[in-house]
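Take a look at the structure set out below.
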Amino acid sequence: MTTGMRRRMGVEERRQQLIGVALELFSNRSPDDVSIDEIASAAGISRPLVYHYFPGKLSLYEAALKRAADELAERFVEPHEGPLGARLLRVTGRFLGFVDEHGPGFSALMRGGPAVGSSTTNALIDSVRQAAYDQILAHLGVTAPPARLELVVRSWISLAESTALIWLDGRRIPRADLELQLVHDFAALAAVSAAYDEEMALLLGGILADEPADGPFADLLGRLAALAPRAVLP
């Protein structure tokens, strides 16, 4: 028989609920602007009870960022099937989808928010970047990347991060256009590196050989070819 009383949550279940509530609030407003009282109210519990599960706002903030970082890292996971350009386009779509859904939380994660300088926060940021780096190398089939390839991949991850943060300020470029542009950015970085290094040239040649005529890398080549006549005009 139902009594109408709310079920009492276990310790871990309550912690996970509070993390979820905090992450939802942080996704819509800067963590600096969200109070413990708001988190308690949204969770349907008292302020002292929040402190029973988390010693302070910083510990709850870091737990919420940990969940966000784990989810963001998962967005870089992609089956190793099909042309690389299409795979990267799906990854950037999921990445910018996360950014779009969790704007203030993403900014807090990458910029540090109230936990700036925290070793925990810095470790979370590094874990997301490393997860993206490892995934891209896996897609390239490289286990021991040469120096120039490492520079290309890490530079692209940094570019994607900074591009997303800038895009959040007004979202003035359609998201789909930006997703494609980020894939083009990867190809452009690789192409510049290939112009200086034979090993990179061979790697890029293999990538382009597998690219279909309607793929994002082929699209970039077409756009550049259209610009070339204009570039040589007197």
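In the set (1) touching a residue at least 60 places away in the same chain (Cβ under 8 Å); (2) surrounded by fewer than 19 Cβ atoms within 10 Å (Cβ to Cβ), GLU211 fails one condition alone, (2).
Is it true that ALA191 is among the aliphatic types (A, V, I, L, M), surrounded by fewer than 16 Cβ atoms within 10 Å (Cβ to Cβ), more than 17 Å from the chain's Cα centre (by Cα) and farther than 28 Å from GLU74 by Cβ? Judged against the criteria, ALA191 is not a match.
Selection of first residues in the stretch 122-138 that are farther than 15 Å from ARG94 by Cα and of second residues that are at pLDDT 90 or above and not β-branched (Val, Ile, Thr), restricted to Cβ pairs under 7 Å at least 6 apart or on distinct chains, gives the following pairs, ordered by first then second residue: TYR133/ARG154; LEU137/PRO145; ALA138/HIS80. Counting only residues that are buried (at least 18 other Cβ atoms within 10 Å of the Cβ) and in a loop (DSSP other than H, G, I, E, B), the stretch 124-143 holds 0 of them. All told, GLU179 meets the bar of being buried (at least 18 other Cβ atoms within 10 Å of the Cβ) and of a type in the set (D, E, K, R). Scan the stretch 8-66 for residues that are of a type outside the set (Lys, Arg), more than 20 Å from GLY103 (Cβ to Cβ) and under 26 Å from the mean Cα position of the chain (by Cα) and jot them down. Those that are of a type outside the set (Lys, Arg), more than 20 Å from GLY103 (Cβ to Cβ) and under 26 Å from the mean Cα position of the chain (by Cα): GLN16, GLN17, LEU18, LEU58, SER59.
The values are calculated or read from the model by the stated rules, or taken from the named source; none is laboratory data. Every value quoted in this text rests on a predicted model; they were computed, and no experiment measured them. Here the Cβ is made from the backbone with ideal geometry for all residues, glycine too, and neighbour counts use every protein chain on show.
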